[in-house]
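> Once you've had a glance at the structure underneath, I'll fire off some questions.
The values are calculated or read from the model by the stated rules, or taken from the named source; none is laboratory data. Predicted, not measured: the structure shown is a model, and the values here were computed from it. Cβ: placed from backbone, ideal geometry, glycine included. Neighbour counts: every protein chain shown.
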Amino acid sequence: MIINTLRLSVFARKKSKESNFFSFYHFYKTAQVEYSPNSRQTPIEFALPSTFDSQSAFKHCEIHRFAYFCDIVGVFCSKHNDKNINYSVNCMRKFLIIKVLCFWLINSVWALELSDKAQISVITGAPGTDLYAYYGHSAIRVFDPLYGMDIQYNYGTFDFETPNFYQKFIQGKLKYTLSKEYFNYFVAFYQREGRSIYEQVLDLTKAEKQQLFDYLENNYKPENRYYLYDFFYDNCATRVRDALLKGLPGKVVFDLSKPKNKKSFRDLINPYIKEPWVNVGIHLILGLPADKIANANEYMFLPDQMRFAIEKAKINHQTPATALAPQNNTLFQGMVARPAASVFNPYLVFWSIFGLMLLITGLGYRQNKIRYGIDFFWFFLSGAIGIFFLLMWFGTDHKAVKMNLNLLWAFPLNFPIAFFLLFKQKAKFLTAYFQVISIILLATMLFWVVLPQKLPWAIFPIVLTLAIRSIWVYSQLKKAGGK
């Protein structure tokens, strides 16, 4: 049975089960969706092409498995002559049960086979303004016009319903997953955000397309789709690279010649972090591993670099090797608004704080008086930050935050030591402690530019403030003889 036009009018209150159920279809390739914002109902028209053959198409494409299900829905609804049908919850449950049974039966019996018209491409999404979107996105699109199939494989997604989600996320133990979505969803989302979409159509034979598609489908199985994410070495972009190499073993060849400019992982991500405060925060959290010089293969952890690598890549299915992606398309040219420049930036704020503390210290020197309450705040805060860095180092599985040299100025022992400054009778060991801390802070500033880890220049005035207060506390304790 073929349905050329199926009209459904769904009672579309925000939380109704009916509208939630039919929202699954909104981006169906051939669907025409009409919506009246002043109405409580959402008319939805699904127009299937007249040449659509449900008996063959649904065997090859998950999208048209649903079209086959629409046939069944038509049987249930055939007794209704009115175009506007308010479905009861019981009726919707019947549809859901039948849908699940149909999907289970089809998945159990038929394997997906691409047609001669199919094409596989790598999709690159431009960076966005949200923190998770700073570096863009890479995915693989499988498009088969013969069956109306247009789906995208996304690595780097996760489920918020995962038990202990936030704890696992912070600890670096959250399992990420390969997900599938209709390509229309992706395009609509990026258009709303004004983010560009680039497509690189892969020059593959029919057999190679099927081989890569089978790899993706196998990777999508529940027992294979989950993996532990790594910011630099195992993310959405590197998984696309690995899919090409493993899905087409021995055929895809990337240009792995040494990059002209030596750049570390930290250097590579820096241009993407436009917001000044976020920039400082990320560079503070990242440890020494972020300063490793990346090779050509490691450059591909960034979606843009992955796109550039595919432009140079070759495919070995004939002699000589040809370009892997000779066809490059800009599907959508967007423009993401950059954050407006603000005088309230880390450099101005931190240097202003340093100027204020220098004034307070100068007044204390002239009056020969020390205000330990101020020093309690500074060393308590720096110690707390140091403890956070230690927890990220030893308490999580995030490799990028290990061996953080910011511990040179954010010394964890400052946290308990700060409380000793509040005692009227100062402990004698405080003199030696602040002498050592003063030396460490001065040495850190002296060798700032040659340290193996790039420390943010924005925090230099904070380190300078800690050094001045440490020297001042040491001099006062020494003068008092530790009494």
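> Inside segment 257-276, can you point out the residues that are surrounded by 14 or more Cβ atoms within 10 Å (Cβ to Cβ) and either touching a residue at least 40 places away in the same chain (Cβ under 8 Å) or acidic (Asp, Glu) (or both)?
Pro259, Ser264, Phe265, Arg266, Asp267, Ile269, Tyr272, Ile273, Glu275, Pro276
> Then there's this: Kindly indicate whether Phe389 is of a type in the set (A, V, I, L, M, F, W, C), assigned to a helix (DSSP H, G or I) and in contact (Cβ under 8 Å) with a residue 12 or more places away in the chain.
In short, yes.
> Which one of Phe183, Phe143, Phe189 is at pLDDT 90 or above, within 30 Å of Leu268 (Cα to Cα) and touching an Asp or Glu at 6+ places or on another chain (Cβ under 9 Å)?
Values: Phe143 fails: within 30 Å of Leu268 (Cα to Cα); Phe189 fails: touching an Asp or Glu at 6+ places or on another chain (Cβ under 9 Å).
Within the list Phe183, Phe143, Phe189, the selection yields Phe183.
> Among the residues of segment 308-318 satisfying the criterion of being in contact with a helix residue (DSSP H, G or I) (Cβ under 9 Å, 6 or more places away or on another chain) and assigned to a helix (DSSP H, G or I), which is surrounded by the most Cβ atoms within 10 Å (Cβ to Cβ)?
By that ranking, first place goes to Ile310.
> While we're looking at this one, here's another question. Among the residues of segment 285-303, what is the count of those that are among the small types (Gly, Ala, Ser) and in a helix (DSSP H, G or I)?
So the count comes out to 2.
> OK, next. What number of residues in segment 277-295 are surrounded by 15 or more Cβ atoms within 10 Å (Cβ to Cβ) and either in contact with a strand residue (DSSP E or B) (Cβ under 8 Å, 6 or more places away or on another chain) or assigned by TED's automatic domain parsing to the domain that holds Trp448 (or both)?
3
> Report, by residue number, each residue of segment 174-188 that is under 17 Å from the mean Cα position of the chain (by Cα) and exposed (fewer than 15 other Cβ atoms within 10 Å of the Cβ).
Correct list: Lys175 only.
> A further question follows. What are the residues in segment 334-373 that are under 40 Å from the mean Cα position of the chain (by Cα) and in a helix (DSSP H, G or I), if any?
Correct list: Pro346, Tyr347, Leu348, Val349, Phe350, Trp351, Ser352, Ile353, Phe354, Gly355, Leu356, Met357.
> Out of Leu466, Leu430, Leu441, Leu422, which single residue is out of contact with any Ser or Thr (no Cβ under 8 Å at 6 or more places or on another chain), in the same structural domain as Lys369 (by TED's automatic domain parsing) and either assigned to a helix (DSSP H, G or I) or in contact (Cβ under 8 Å) with a residue 60 or more places away in the chain (or both)?
Residue meeting the stated conditions: Leu430.
Residue by residue, here is whether (1) touching a Gly at 6+ places or on another chain (Cβ under 7 Å); (2) of a type in the set (A, V, I, L, M); (3) within 22 Å of Tyr272 (Cα to Cα) holds:
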{"position": "Val343", "(1), (2), (3)": "no, yes, yes"}
{"position": "Leu356", "(1), (2), (3)": "no, yes, no"}
{"position": "Lys399", "(1), (2), (3)": "no, no, yes"}
{"position": "Asn404", "(1), (2), (3)": "yes, no, yes"}
{"position": "Leu407", "(1), (2), (3)": "yes, yes, no"}
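> Go through segment 238-257 and report how many residues are under 17 Å from Leu302 (Cα atoms), of a type outside the set (Phe, Trp, Tyr) and either part of a loop (DSSP other than H, G, I, E, B) or not assigned by TED's automatic domain parsing to the domain that holds Glu208 (or both).
Of the residues in that region, 2 qualify.
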